[in-house]
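The values are calculated or read from the model by the stated rules, or taken from the named source; none is laboratory data. As the structure is a prediction and not an experimental result, all values here were calculated from the model. Glycine also receives a Cβ, built like all others from the backbone with ideal geometry; neighbour counts cover every protein chain displayed. When the accessible area is computed, the model is the full protein with side chains, heavy atoms only, and any ligands, DNA or RNA have been set aside. Shrake-Rupley method; radii C 1.70, N 1.55, O 1.52, S 1.80 Å.
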Amino acid sequence: MTPLSNSGEAPGSHPPAPVTAVPTTGEERIAGAFREAREEGRAALMPYMMAGFPDRESSLAVAAAYVDSGADLIELGVPFSDPLADGPTIHDAATKALEAGATLATTLEVCRSVSERIPVVLMIYANMVFAHGGAAEFARLARAAGAAGAIIPDLPLGEAEDVREAFAAAGLALVPLVAPTTPPERRARICAVARGFVYVVSTVGTTGERAEVPASLAELVAATKADAVTPVAVGFGIGTAAQAAEVGRIADGVIVGSRLVRATAGAGSPQAAADAVAGFLSEARVALAE
Amino acid sequence: MSAIEERFGPYGGRYVPETLIAALDELTAAWIEAREDADFVARLELLRRDFIGRPTPLYLAQRLSERVGSKVYLKREDLAHTGAHKINNALGQALLAERMGKPRVIAETGAGQHGVATATACALLGLECVVYMGTEDIRRQAPNVERMRLLGAEVAPVEAGARTLKEAVSAAIRDWVANVETTHYVIGSAVGPAPYPALVRDLQRVIGEEAREQSLAAEGALPARVIACVGGGSNAIGIFSPFVADAEVALIGVEAAGEGLDTLRHGASLGAGSTGVLHGSLSAVLADEEGQILEAHSVSAGLDYPGVGPEHAQLRDTGRATYVSISDRQALAAFGRLSRLEGIIPALESSHAIAWLLENPGESGFDVLCLSGRGDKDLAEYLEQTGKGAGG
Ligand SMILES: Cc1ncc(COP(=O)(O)O)c(C=O)c1O
């Protein structure tokens, strides 16, 4: 840890955006965010949100609140009709966002609104990538909105090669997932081609809050870290600040999804949505730093 | 024997969460091993004969032939145990689940036929069974819901979206993601991530193998045309498959035109869809320009699906098979017509194939039509849709 790079600011506030003239790739931006957190002696905090949920204005307010309340990166969900990796909370949010008229353009608008201040990683299902002109064209759109990376939860190793290359050519990092069911040899191959970070799925299941962090997680994270050259972040099931802290002790990054989407769902206005997520994030940031 | 296809031309693949990949590998290995295991094959064949009642007859439908003006044989899958071709797949996959040591089986169902078939196979083998079904389908296929429960299965209602087959498949896949270590997912059609499209085809191929042999026995020739309805495409791929190499045999798949291909209320993914990913494979799907999957519509729950098996997309592209479509109205009329002409009440799904045949008589030789199931389950829906009371 270099003392100089430690901002020394109180948890909960975000350092001002660096003024960069040199265009950086998404991969470099993601690496930078993890590095800054590590230099502060903590795991990076990556809240998830659904673009356009419950409406466009609220999601813009939530994204801004994430930046202001201590997020290091944002995982931005693109609403899709058939999200197979998602549990009821995020599935419902996608359905409501679509009913409220959200399109990929809505997601890109939310992305653009914060992407100068924080690296944004899109969470998008494969069919939407293909429907928007294919991987190269989609990467161009995402990069134009400032996105640093993308997670495609239904594009496992074996289907991902062309997409990964097209994304890399555009400077968009394709972040792969590793699951508890992934055999060790396959996990090593996934880690070898990871860009940005490796996303470890904490439990066998879809997204959604869980009462406990599985006991086997530490082993899975350690094994993945040994395989990976990129940072390793954990998501699925983390719903309390204490759980975030617990996972933050073993992983380079912590992703909180359904808990925050649920907070947004219950809010009645953009401001209320922003306040609800800010409260949780500030608490999680404090817990991560402890 | 060769490996199992993962792709059919550009179609197929495994577009699923990472969590499922190990289970798909396990299933692939189990099927390659099982289909070469003499004991497994013997057990499957015995159960096909004594439990399902195979071979099903190839029946010369005299009065239908007279009406159409050309000779038509019906491949009587309606006479298979539980009343449809679905049991061919469900039984084979339940045996595989047992072989893999998975005590719990899940399935999705639209018309309820696959749910009943899976519940039946699970009862036979003593496996726990949960069947996901959209609440709209629970309404229109009520008799099958009671049958599943009687057979010891749990019917899990699905409230999402249009509450039909697409959402039931999604719910089953999510259950599988969460319980993959103890559970086998018996998918009901030739759709889904590899190896399912090939596995389901292999298990349904018995329809076409029998029909080909029976055609040669009855006529000393192969049929001019083989006709089948296409939902996810399992009865069609099952009967087409052994005829694909016979270039002189025309293969015709009949999709649901619903209220019309120009209305967006149909189920014709091959005829009017685009290329996309649904439920784990790249194939023909109904989707909007944003890539959102659209709701399908058909009066028959089994054809009410916005996707189709990847092998059909390839057969369409290569021109080896031709895909046409039939509206709700035409299918309902054919349902009544076959009942009165032959004393056979066809499933509303199969009625689509009958309706196409009624309008497109053969020009030479004879035709074989896959009567994929019987229509008892559809009686209430037929009466409601046609406004006919009892005796109407
Ligand atoms: C009798 C019958 N025929 C056809 C179908 C359509 O399925 P597939 O296209 O897989 O044969 C169904 C589906 O439920 C069915 O019950």
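A few comments on the model shown:
- One residue alone among B:GLY253, B:GLY232, B:GLY280, B:GLY208 is more than 14 Å from chain A (Cβ to nearest Cβ), within 16 Å of the ligand (Cβ to nearest atom) and farther than 19 Å from B:VAL72 by Cα, and that residue is B:GLY232.
- Residues (part of a helix (DSSP H, G or I), open to solvent by 10 Å² or more (accessible area, probe 1.4 Å), of a type in the set (Gly, Ala, Ser) and within 14 Å of the ligand (Cβ to nearest atom)) located in segment B:301-347: B:GLY302
- Matching residues, segment A:81-102, being farther than 19 Å from B:VAL158 by Cβ and surrounded by 22 or more Cβ atoms within 10 Å (Cβ to Cβ): A:ALA97, A:ALA102
- Tabulated pairs, segment B:104-123, first closer than 11 Å to B:GLY152 by Cβ, second part of a helix (DSSP H, G or I) and open to solvent by 10 Å² or more (accessible area, probe 1.4 Å), C-beta under 8 angstrom, 6+ apart or interchain: B:ALA119/B:ARG147; B:THR120/B:HIS81; B:THR120/B:THR82
- Any chance B:GLY112 is within 16 Å of the ligand (Cβ to nearest atom) and surrounded by fewer than 24 Cβ atoms within 10 Å (Cβ to Cβ): no
- Residues located in segment B:243-273, provided they are part of a helix (DSSP H, G or I) and farther than 13 Å from B:VAL368 by Cα: B:SER269, B:LEU270, B:GLY271, B:ALA272
- Residues (among the hydrophobic types (A, V, I, L, M, F, W, C) and either open to solvent by 70 Å² or more (accessible area, probe 1.4 Å) or within 21 Å of the chain's Cα centre (by Cα) (or both)) located in segment B:25-59: B:LEU27, B:TRP31, B:ALA38, B:LEU44, B:LEU46, B:LEU47, B:PHE51, B:ILE52, B:LEU58
- Condition met for A:LEU76 (surrounded by 22 or more Cβ atoms within 10 Å (Cβ to Cβ), more than 11 Å from chain B (Cβ to nearest Cβ) and more than 22 Å from B:GLY307 (Cα to Cα)): yes
- For B:SER65: the one exception among (1) within 30 Å of B:ARG316 (Cα to Cα); (2) in contact (Cβ under 8 Å) with a residue 12 or more places away in the chain: (2)
- Selection status of B:ASP202, more than 14 Å from chain A (Cβ to nearest Cβ), within 23 Å of B:SER269 (Cα to Cα), of a type in the set (D, E, K, R) and within 13 Å of the ligand (Cβ to nearest atom): no
- Condition met for B:ALA156 (within 14 Å of chain A (Cβ to nearest Cβ), touching a residue at least 24 places away in the same chain (Cβ under 8 Å) and away from the ligand (no atom under 16 Å from the Cβ)): yes
- Leading residue by the ranking (farthest from A:HIS132 (Cα to Cα)) among those in segment B:274-296 that are part of a loop (DSSP other than H, G, I, E, B) and open to solvent by 30 Å² or more (accessible area, probe 1.4 Å): B:GLU295
- Within segment A:241-290, tally of residues that are surrounded by fewer than 18 Cβ atoms within 10 Å (Cβ to Cβ) and of a type in the set (S, T, N, Q): 2
- Note on segment B:80-104: residues that are more than 17 Å from B:THR28 (Cα to Cα), over 19 Å from the mean Cα position of the chain (by Cα) and of a type in the set (A, V, I, L, M) total 0.
- Residue count for segment B:253-277, restricted to those that are of a type outside the set (Asp, Glu) and in contact with a Lys or Arg (Cβ under 6 Å, 6 or more places away or on another chain): 2
- Selection within segment B:2-23 - at the interface with chain A (Cβ under 7 Å from one of its Cβ atoms), within 18 Å of A:ASN127 (Cα to Cα) and of a type outside the set (Lys, Arg): B:GLY13, B:TYR15, B:VAL16, B:PRO17, B:GLU18
- For segment B:159-186, filtering for residues that are more than 14 Å from chain A (Cβ to nearest Cβ) and closer than 20 Å to B:LEU286 by Cβ leaves 0.
- Selection within segment A:203-223 - within 28 Å of A:ARG164 (Cα to Cα) and within 12 Å of another protein chain (Cβ to nearest Cβ): A:THR203, A:VAL204, A:GLY205, A:THR206, A:THR207, A:GLY208
- Note on segment B:116-136: among residues that are surrounded by 19 or more Cβ atoms within 10 Å (Cβ to Cβ), away from the ligand (no atom under 15 Å from the Cβ) and closer than 16 Å to B:ASP175 by Cα, the one that is nearest to the other protein chains (Cβ to nearest Cβ) is B:VAL130.
- When A:ARG189 is tested against the conditions (1) out of contact with any strand residue (DSSP E or B) (no Cβ under 8 Å at 6 or more places or on another chain); (2) farther than 24 Å from A:ALA126 by Cα, the lone failure is (2).
- Selection of segment B:160-186 for residues being among the basic types (Lys, Arg) and in contact (Cβ under 8 Å) with a residue 40 or more places away in the chain yields only B:LYS166.
- Residues being more than 19 Å from the chain's Cα centre (by Cα) and closer than 22 Å to A:THR203 by Cβ - total across segment A:76-91: 1
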